[in-house]
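Undergrad: Have a look at the structure that comes next, please.
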Amino acid sequence: EQDPIRVLITGAAGNIGYAIAPMIARGMMLGPDQPMILHLLDIEPTSRSLEALKMELQDSAFPLLKGVIATTNVVEACKDVNIAIMIGGYPRMAGMERKDVMSKNVVIYKAQASALENYASEDCKVLVVANPANTNALILKEFAPSIPEENITCLTRLDHNRALAQLADKLSVPVSSVKNVIVWGNHSSTQYPDSNHVTVSTQAGDRPIKELVTDQNWLKNEFIAEVQQRGAAVLRARRQSSALSAASAACDHIRDWFLGTPKGTWVSMGVCSDGSYGIPPGLVYSFPVICEKGSWKIVQGLSIDEFSREKMDDSARELAEEKDLAYSCLNA
Ligand code: NDP
C-alpha cells in the first residue's frame, strides 16, 4: 500500500470543509488507491464543531483514511503536509467594505504562509479557496518563498464548472460532452468566462460551440453574466454560499493537478502569471492549463479576439489594484 498523503484543510469547521472532507476521504481527490491523513485546522471558537467533524469522519470508517488531526494550532496543522487546501478566511459581513475583508485576510494568509514555509513538506501543493482567493494566494506566495511558486494556486474551477454546466444546459446535452471553456482572471465579478474555444462532442465528432449555439449574443451576454452571478443565485436560494459545488470543484482542481487532465482537455486554474497572453507576470491569474504528473502548463497559442482582450485586461487591472491594496493593508 502507498504511504498516506497528508492533506491540510484550513477553515475545516465551515461549510465547504464539511462538504470536502468526506469527498477527499472517499478517494475522490487523490484516486481510489491513495491513502491519506487529514489535518483539520480552524480557529478556537469552532473547536467543538471541528472535533465533531473528526468524530463523523472516524464514524464513516473510510478505508483510505489513515488518520485525522483536528487542531486550532497552525504549526501542528501544517506539519509535513503535502497538500494544503486553504478554505479558512474572514467572511465579508454586512456593512464591511472590500478593504476591511482584505485587511483581515491578508494578515491571516501571511501568518499561514510562514507556518507552511517552516513546517509543510517542501513540495507542498497549495490551493487557496478563501476570498479574495487570487490575492490570498499571492500573499501566500510572497511569504512562503521556499515553496516553489508553481505550487501555489487558487480556485477558479467552480466558475469553470459552472460555465460548462450553463453551456450543456443551453444545448440540452450532458455536461461531460462539453469541454475547453476558459475562465480568465480574478475569482470575482470581473472574471471572464470565455466560450470561444469550447467544443461539444457529438455523433459527428467534436464541434465548435459557435456552430451549435446560433444565438451569438447569448454567448457574449447572458452566458457570461449567468456564470458570474451564479454564486449569488445559489446564495439567495440557500441563504448560504455554495458549499457542495465549491468543495467538488476544489477536489477536481487537485485531482487534475495530481493525476493529469484528460488528453485534449484543459481546465482553469489560478496560477502565477509568467506573462502569457500579456498578463503581467507575478499576478495570480486564472488561465487555461493542462496538467501532467503533478505539474501544470498554461495552454499557449489560443487566439484572443478584441472582446476577450478587453475583458482579460480588466480582470488583470483589478488584480493589480488588489495587490496594491493588500500590500497597503500589510504595511498599515
Ligand atoms: P465557507 O466554508 O462557506 O467559505 C469559506 C471561504 O471560501 C470563504 O472565504 C468564501 O468566500 C469562500 N467561498 C465560499 N463559496 C465559494 C465559492 N463558491 N467559490 C469560491 N470561494 C468560495 O465559509 P464558512 O464561514 O462556513 O467557513 C469558514 C471557516 O473559516 C470557518 O470555520 C471559520 O472559523 C474559519 N476561519 C478561519 C480563520 C483563520 O484561519 N484564521 C479566520 C476566520 C474564519 P466568500 O465569503 O466570499 O463566499
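Every number in this text was worked out from the coordinates using simple rules, so none of it is lab data. Fair warning: this is a prediction, and the values are worked out from it, not measured in the lab. Counting neighbours? That spans all protein chains shown, and the Cβs are built from the backbone with ideal geometry, glycine included.
Undergrad: Computed FRET efficiency, Cβ-Cβ of Ser60 and Asp33, R0 22 Å: what is it to the nearest 0.05?
TA: Details: r = 18 Å, r/R0 = 0.84.
That gives a FRET efficiency of 0.75.
Undergrad: Please compute the net charge surrounding Pro35, taking Lys and Arg as +1 and Asp and Glu as -1 over other residues with Cβ under 9 Å from its Cβ.
TA: Details: positive: Lys66; negative: Glu1, Asp3, Asp33.
Value of the local net charge: -2.
Undergrad: For helix 157-171, report the angle its Cα long axis makes with the longest principal axis of the Cα atoms of the chain; keep it between 0 and 90° and round to the nearest 10°.
TA: Roughly 40 degrees, rounded to the nearest 10.
Undergrad: Around Ile224, what is the net charge, scoring Lys/Arg as +1 and Asp/Glu as -1 over all other residues with Cβ under 9 Å from its Cβ? All intermediate terms of the calculation are to be shown ahead of the outcome.
TA: On the way: positive: Lys220, Lys311; negative: Asp194, Glu222, Glu226.
After counting each charged neighbour, the total is -1.
Undergrad: Moving on. Let me spell out the model: positive unit charges on the Cβ of Lys and Arg, negative unit charges on the Cβ of Asp and Glu, origin at the Cα centre of segment 190-332. What dipole size does that give, in debye rounded to 20?
TA: Working: 15 positive and 19 negative charges, 113 e Å.
My answer is approximately 540 debye.
Undergrad: To continue, here is another question. Where q = 0.10, 0.11, 0.12 Å⁻¹, what log10 of I(q)/I(0) comes from the Debye formula for the chain, counting one point per Cα?
TA: The calculated log intensity ratios at q = 0.10, 0.11, 0.12 Å⁻¹ are -0.57, -0.69, -0.82.
Undergrad: A follow-up question, please. Can you tell me the orientation of helix 15-25 relative to the chain, as the angle in degrees between its alpha-carbon axis and the longest Cα principal axis, to the nearest 10?
TA: 80
Undergrad: A further question follows. Find which of Gln2, Leu38, Ser49 sits farthest along the positive direction of the dipole of segment 1-58, computed with +1 on the beta-carbon of Lys and Arg, -1 on that of Asp and Glu, about the Cα centre.
TA: Projecting each Cα onto the dipole axis, the largest value belongs to Ser49.
Undergrad: Here's something else I'd like to know. With springs connecting C-alpha atoms under 10 Å apart, model the chain as a Gaussian network and identify which of Met55, Met23, Met102 has the largest mean-square fluctuation.
TA: Largest GNM mean-square fluctuation: Met55.
Undergrad: Of Ala163, Ala25, Ala225, which has the largest mean-square fluctuation in a 10 Å C-alpha GNM of the chain?
TA: Taking springs between Cα atoms under 10 Å, the residue moving most is Ala225.
Undergrad: Classify segment 98-174: rounded, prolate or oblate, from the alpha-carbon gyration tensor (a ≥ b ≥ c, eigenvalue square roots; a/c under 1.5 rounded; otherwise prolate if a/b is larger than b/c)?
TA: Numbers: a/c = 4.21, a/b = 1.88, b/c = 2.24.
Since a/c reaches 1.5 but b/c is at least a/b, the shape of segment 98-174 is classed as oblate.
Undergrad: I've got another one for you. Using a simple spin-label model with points 7 Å from Cα along the Cα→Cβ vector, what separation in nm is obtained for Ser172 and Arg309?
TA: 3.9
Undergrad: With the cut-off at 29 Å, tell me which of the pairs Lys141/Lys311; Lys104/Lys141; Lys66/Lys323; Lys79/Lys179; Lys141/Lys297 have Cα atoms farther apart than that.
TA: Numbers: Lys141/Lys311 25 Å; Lys104/Lys141 17 Å; Lys66/Lys323 39 Å; Lys79/Lys179 38 Å; Lys141/Lys297 18 Å.
Flagged as over cut-off: Lys66/Lys323; Lys79/Lys179.
Undergrad: Among His253, His197, His39, which one moves the most in a GNM of the chain with springs linking Cα atoms closer than 10 Å?
TA: Result for the chain, Cα springs under 10 Å: His197 fluctuates most.
Undergrad: Averaging sequence separations of C-alpha pairs under 8 Å and six or more residues apart, then dividing by the length of the chain, give the relative contact order as a whole percent.
TA: On the way: 644 pairs, mean separation 55.8, N = 332.
Reported as a whole number, the value is 17 percent.
Undergrad: Please find the FRET efficiency linking Glu97 to Ala225, where r is the Cβ-Cβ separation and R0 is fixed at 25 Å, and quote it to the nearest 0.05.
TA: On the way: r = 24 Å, r/R0 = 0.97.
The pair Glu97/Ala225 has a calculated efficiency of 0.55.
Undergrad: How big is the dipole moment of the chain about its Cα centre under a simple scheme where the beta carbon of each Lys and Arg is +1, that of each Asp and Glu is -1, and everything else is neutral? Debye, nearest 20, please. Provide the component values of the computation, followed by the final result.
TA: On the way: 32 positive and 39 negative charges, 125 e Å.
Computed charge dipole of the chain: roughly 600 debye.
Undergrad: I've got another one for you. As I understand it, the value is the acute angle between the Cα axis of helix 133-143 and the longest principal axis of the Cα atoms of the chain; what does it come to in degrees, rounded to 10?
TA: Around 50 degrees separate the two axes.
Undergrad: For the peptides 182-189, 316-323, what is the packing order when you average, over each peptide's residues, the other Cβ atoms within 10 Å and list the highest mean first? Each step should come with its number before you reach the end.
TA: Details: 182-189: 24.6, 316-323: 18.8.
Ranking, from highest mean packing down: 182-189, 316-323.
Undergrad: By its C-alpha gyration tensor, with a ≥ b ≥ c as the square roots of the eigenvalues, how is segment 247-332 shaped: rounded for a/c under 1.5, else prolate for a/b larger than b/c, else oblate?
TA: Numbers: a/c = 2.37, a/b = 1.37, b/c = 1.73.
Oblate.
Undergrad: Looking at the chain only, what percent of DSSP beta bridges run antiparallel? Nearest 5 please.
TA: Values: 21 of 44 bridges.
Taking every DSSP beta bridge with both residues in the chain, the antiparallel ones total about 50 percent.
Undergrad: Let me ask something else about it. How big is the dipole moment of segment 211-267 about its Cα centre under a simple scheme where the beta carbon of each Lys and Arg is +1, that of each Asp and Glu is -1, and everything else is neutral? Debye, nearest 20, please. Intermediate results must be reported in sequence, preceding the final value.
TA: Details: 7 positive and 6 negative charges, 69 e Å.
Using only the charged Cβ atoms, the result is roughly 340 debye.
Undergrad: Right, here's the next one. Okay, helix-only estimate at 222 nm for the chain: each DSSP H run of n ≥ 4 adds -39500 (n - 2.57), divide by all residues, round to 500 deg cm²/dmol; what do you get?
TA: It comes out at -14000 deg cm²/dmol, rounded to the nearest 500.
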